[in-house]
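One structure is given here, and the rest of the page talks about it.
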Amino acid sequence: MKTIAIPRVLLGMFLLALILGSCKSEAKKDATTTNSAIAETGETKRQGQAFLKDDESTPNVLNIAIGSEDHTTLVAAVQAAELENALVNAGPLMVFAPTNAAFEALPEGTVENLLKPENKDALANILKHHVTPGNYSKDFLKKFKKLGQANDQNTTVEVKGDDVYVGGAKIIASIPAGNGIVHVVDKVILPPAMD
C-alpha cells in the first residue's frame, strides 16, 4: 500500500482555512447577536470619529464645546442636528460658538422649536453658519470684511475698537483647538434669510 505525502504547505493552508472559517462564523454570530439586541432595545450606536475616545490629543472644536458649561445649548443643538462628525474632521475649522446666554436671548420657544426632529435641516443650516474653514486669530480676522460659512453663505466681519464682530456677534474669547479654533461669541449668528 502506498502512502500519499501531502506537502507541508498544503497542510498549513488547509489548517489556516479551517481556523479562518471558524473565526468568520464567530464574528457573524456576534454581529447577529448585537443586531438582535439592538432590534429588541431600539438602541443604535452613533458612529464616526466624533464618538471615539481620545484622552491624549489636543481637544478638537467639538471636545472644547462639550467641555464648556457655557455651551450646553450649543452641544445639544449640534447633537440634534447630528453634526458631531463634521466638527472633528481635520479642518482647520473656525467655530463661532454662542454661549448659553446667547441662545437664551433668542425669542422665546425658538431653541425648543429648532431642536424638534422635523426642524433638523433648519437647525443644521444655522449651526453651519457658525463654522468657516481656517484657523485665524481674532486679530487676524480684523483683515476680513466677509467670511464664507459652511452653509455656503457669507457673514460680515466688523471691527469696533479692539473688538471683532462676526455676523453681529462679538468675539469674547478664543480657544485654540487641535483642528482649528473656537471663538466664543455673545450672540447666535443667523443666516441672512433668517435675520
**OP:** Would you be able to tell me the number of residues in region 58-74 that are open to solvent by 70 Å² or more (accessible area, probe 1.4 Å) and modelled with pLDDT under 90?
**Re:** 1
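Looking for whichever is in contact (Cβ under 8 Å) with a residue 40 or more places away in the chain and either farther than 14 Å from VAL184 by Cα or of a type in the set (Lys, Arg) (or both) here; the options are LEU123, LEU114. Which one fits? Don't jump to the end; show me each part of the working.
Details: LEU114 fails: in contact (Cβ under 8 Å) with a residue 40 or more places away in the chain.
Testing whether each residue is in contact (Cβ under 8 Å) with a residue 40 or more places away in the chain and either farther than 14 Å from VAL184 by Cα or of a type in the set (Lys, Arg) (or both) leaves just LEU123.
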Original post:
Of all the residues that make up region 92-107, how many are open to solvent by 40 Å² or more (accessible area, probe 1.4 Å) and either in contact (Cβ under 8 Å) with a residue 60 or more places away in the chain or more than 21 Å from ALA173 (Cα to Cα) (or both)?
Top reply: 4
**OP:** Considering every residue within region 167-181, establish whether at least one is over 17 Å from the mean Cα position of the chain (by Cα), over 15 Å from LEU87 (Cα atoms) and not in a strand (DSSP E or B).
**Re:** yes
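Here are some residues: ASP152, ASP139. Which one is more than 22 Å from PRO59 (Cα to Cα), outside any loop (DSSP other than H, G, I, E, B), open to solvent by 40 Å² or more (accessible area, probe 1.4 Å) and not polar (S, T, N, Q)?
On the way: ASP152 fails: outside any loop (DSSP other than H, G, I, E, B).
Of ASP152, ASP139, the one residue that is more than 22 Å from PRO59 (Cα to Cα), outside any loop (DSSP other than H, G, I, E, B), open to solvent by 40 Å² or more (accessible area, probe 1.4 Å) and not polar (S, T, N, Q) is ASP139.
The values are calculated or read from the model by the stated rules, or taken from the named source; none is laboratory data. Quantities reported herein were computed from a predicted structural model and do not represent experimental measurements. Glycine also receives a Cβ, built like all others from the backbone with ideal geometry; neighbour counts cover every protein chain displayed. Side chains included, ligands, DNA and RNA excluded: accessible areas come from the protein's heavy atoms. Shrake-Rupley method; radii C 1.70, N 1.55, O 1.52, S 1.80 Å.
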